[in-house]
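Step one of this worksheet: look at the structure below.
The values are calculated or read from the model by the stated rules, or taken from the named source; none is laboratory data. Predicted model only: the values in this text are computed from it and were never measured. Cβ atoms come from the backbone with ideal geometry, glycine included; neighbour counts cover every protein chain shown.
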Amino acid sequence: MSQSSTDPTATVRTSKNQLFCCKSIDKLIAESEAPGQRLKKTLGPWSLTALGIGAIIGAGIFILTGTAAAGEDQPPSMLHAQVLDVIIGFLHGGMSHVLMQGRPPAGPSIAISFLLVAIACSFAGLCYAELASMIPIAGSAYTYSYATLGEIFAWIIGWDLILEYVVSNVVVAIGFGAYTKAQLASFGFNLPDRWSTPVWESGRWTGAYFNFPAFLIVFILTVLLVRGVRESAEANNVMVAIKIGAILIFLLVGGALIKPGNWRPFAPAGLSGIVSGGAIVFFTYIGFDSVSTAAEEARNPQRDMPFGIIASLVICTILYIGVSIVLLGMMKYTTFVSGEAAEAPVAYALQKLGANRWSQSVIVIGALMGMISSLLVFQYGQARIWYAMSRDRLFPALFSKVHPKFQTPYYSTWIAGFAVGVPAGIFAVSDAADLSNIGTLFAFVLVSFGVIVLRRSQPGRPRVFRVPFVPWFPLISIVLCGGLMTGLLVITWLRFIIWLGIGLLIYFFYSRHRSEFAKKQP
């Protein structure tokens, strides 16, 4: 039942239809301060920036750079056609003109793909920064959608974020396992393939039992995250410093091994390859989304959240472009189509070109630190999404229980750990990355639209940070993110639609009836 509108904890319906009811920002903030649900505030601006860098610099720079540059061949099938090719082919003469053999290669132009993605992310990042400064609540795009668009949109984006975070970390954990195996092998210690490689890859059983290194690192980080956010942030700061140092060493060592001929042809598949490459690596930029999930644990979220989001984007874009230019100058892009070169491209290139053994070890250790910190931040953010949805009664209450000593959502953290660790022990990178990309892009579109809606519905609410040129900048973000979604394959869209369909069934048969807006109003 509604209470007085002067009470910040009141339930106030903004629509007769429950699906479009928005949650009051004041109520969201008041609930975050309730006893038993309050999270410890320990993070400053540089810790938030390090969280962003920790998430952004991980699998993309050390794993997917080579894969995106090389492309991927598939047997002719409409399911393995790019949506962009389907649209262009249809407009130019029907479906017979559609390229149906997977992703075209970006080649050295993957550097342009990274820049394109950075531009799209910068517009989306500005929108995140405005909403994060206004709504300093755990939950990221889910919470922003609940406050701006309505309950059904919040559920869709929350369910989408679950997919995004789980799949992103599965990719990074698999990459960590491959790099660990390669590093140990360089010292003469070979892990048995049956216990260190995917069980299922490219639609077939491989004969392996379980990828144990990929599972083990997720388990260890889960324990650390349950212990506390300050300890986790301090560990992340150290790992971020190590991996930035390793990247700088790679740029120096790899720069001396560049052969300019490897940069030709620069864009072997033209615009289609550039868009495809951008769509593949897009999920690596969602670190600023993880920054926004830390809002309730920031000491001064209104000031520090925008700083952390924008600073992490700028730093990581420069590093991504630098690594892609050097790596694709060291070896021809076709080298990274499959095998060890695709699984660990940086380590493979250094080894094959005879780089100094010490520099190889330092760079690979930096890559491992990069992936560990990325896993740490994404696991942190994932648990906060589930925590926020549970606090809003759309998930079971178990997910929002806070540890009495550590003040962390420990049930959510453990469940998230096994939700990532078990699939990472079974599947391969190629089966996981695309689903995260489409989920991320969809989240960015809704957040950008939310800024426009909130400017119209609550123009007088204080905004510490404001996106310039509204509605044009948010609209540019929507167009760019939507354009990158067309670079994904038809089968990825189908899997995404199926995932959303499952989520809607859960919402209509369970979550809708538990929501505060489901109560009868007088």
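Values for this structure:
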{"read-out": "Considering residues of the stretch 68-96 that are farther than 18 Å from Ile491 by Cα and in contact with a Phe, Trp or Tyr (Cβ under 8 Å, 6 or more places away or on another chain) only, the residue modelled with the lowest pLDDT", "value": "Ala70"}
{"read-out": "Test: residue in the stretch 437-459 that is closer than 30 Å to Asp193 by Cα, touching a helix residue (DSSP H, G or I) at 6+ places or on another chain (Cβ under 6 Å) and surrounded by fewer than 24 Cβ atoms within 10 Å (Cβ to Cβ)", "value": "no"}
{"read-out": "Hey, Ser448 touching a Lys or Arg at 6+ places or on another chain (Cβ under 6 Å) and within 23 Å of Val291 (Cα to Cα) or not", "value": "no"}
{"read-out": "Counted residues, the stretch 394-431 - those being of a type in the set (D, E, K, R) and outside any loop (DSSP other than H, G, I, E, B)", "value": "1"}
{"read-out": "From the options Phe288, Phe250, Phe266, residue that is over 29 Å from Gln351 (Cβ atoms) and of a type in the set (Phe, Trp, Tyr)", "value": "Phe288"}
{"read-out": "Residue match in the stretch 236-243 (condition: under 30 Å from Pro105 (Cβ atoms), surrounded by fewer than 19 Cβ atoms within 10 Å (Cβ to Cβ) and modelled with pLDDT under 90)", "value": "no"}
{"read-out": "Residue list for the stretch 154-201, filter: among the acidic types (Asp, Glu) and within 15 Å of the chain's Cα centre (by Cα)", "value": "Asp160, Glu164"}
{"read-out": "Gly254 vs. criteria within 18 Å of Leu488 (Cβ to Cβ) and not hydrophobic (A, V, I, L, M, F, W, C)", "value": "no"}
{"read-out": "Qualifying positions in the stretch 135-153 - of a type outside the set (S, T, N, Q), more than 18 Å from the chain's Cα centre (by Cα) and either crowded, with 24+ Cβ neighbours inside 10 Å or assigned to a loop (DSSP other than H, G, I, E, B) (or both)", "value": "Ile135, Pro136, Ile137, Tyr146, Ala147, Leu149, Gly150, Glu151"}
{"read-out": "Checking Leu221 against (1) at pLDDT below 90; (2) out of contact with any Asp or Glu (no Cβ under 8 Å at 6 or more places or on another chain), the condition it does not meet", "value": "(1)"}
{"read-out": "Flag if Asn262 is assigned to a helix (DSSP H, G or I) and either under 18 Å from Val172 (Cα atoms) or over 23 Å from the mean Cα position of the chain (by Cα) (or both)", "value": "yes"}
{"read-out": "Residue ID - surrounded by the most Cβ atoms within 10 Å (Cβ to Cβ), chosen from residues in the stretch 467-515 that are of a type outside the set (A, V, I, L, M, F, W, C) and in contact with a Cys (Cβ under 9 Å, 6 or more places away or on another chain)", "value": "Ser477"}
{"read-out": "Any hit, the stretch 208-223, residues being of a type outside the set (A, V, I, L, M) and farther than 19 Å from Gly417 by Cα", "value": "yes"}
{"read-out": "Residues satisfying the stated conditions in the stretch 335-349, i.e. outside any helix (DSSP H, G or I) and more than 24 Å from the chain's Cα centre (by Cα)", "value": "Gly339"}
{"read-out": "The stretch 450-489: number of residues that are of a type in the set (A, V, I, L, M, F, W, C), in contact (Cβ under 8 Å) with a residue 12 or more places away in the chain, out of contact with any Ser or Thr (no Cβ under 6 Å at 6 or more places or on another chain) and within 18 Å of Phe282 (Cβ to Cβ)", "value": "7"}
{"read-out": "Pairs, first touching a residue at least 40 places away in the same chain (Cβ under 8 Å) and farther than 17 Å from Ile220 by Cα in the stretch 176-192, second surrounded by fewer than 14 Cβ atoms within 10 Å (Cβ to Cβ) and of a type outside the set (S, T, N, Q), C-beta under 9 Å, six or more apart", "value": "Ser186/Arg357"}
{"read-out": "Qualifying residue in the stretch 295-312 (condition: of a type in the set (Gly, Ala, Ser), under 27 Å from Val362 (Cα atoms), crowded, with 24+ Cβ neighbours inside 10 Å and touching a helix residue (DSSP H, G or I) at 6+ places or on another chain (Cβ under 6 Å))", "value": "yes"}
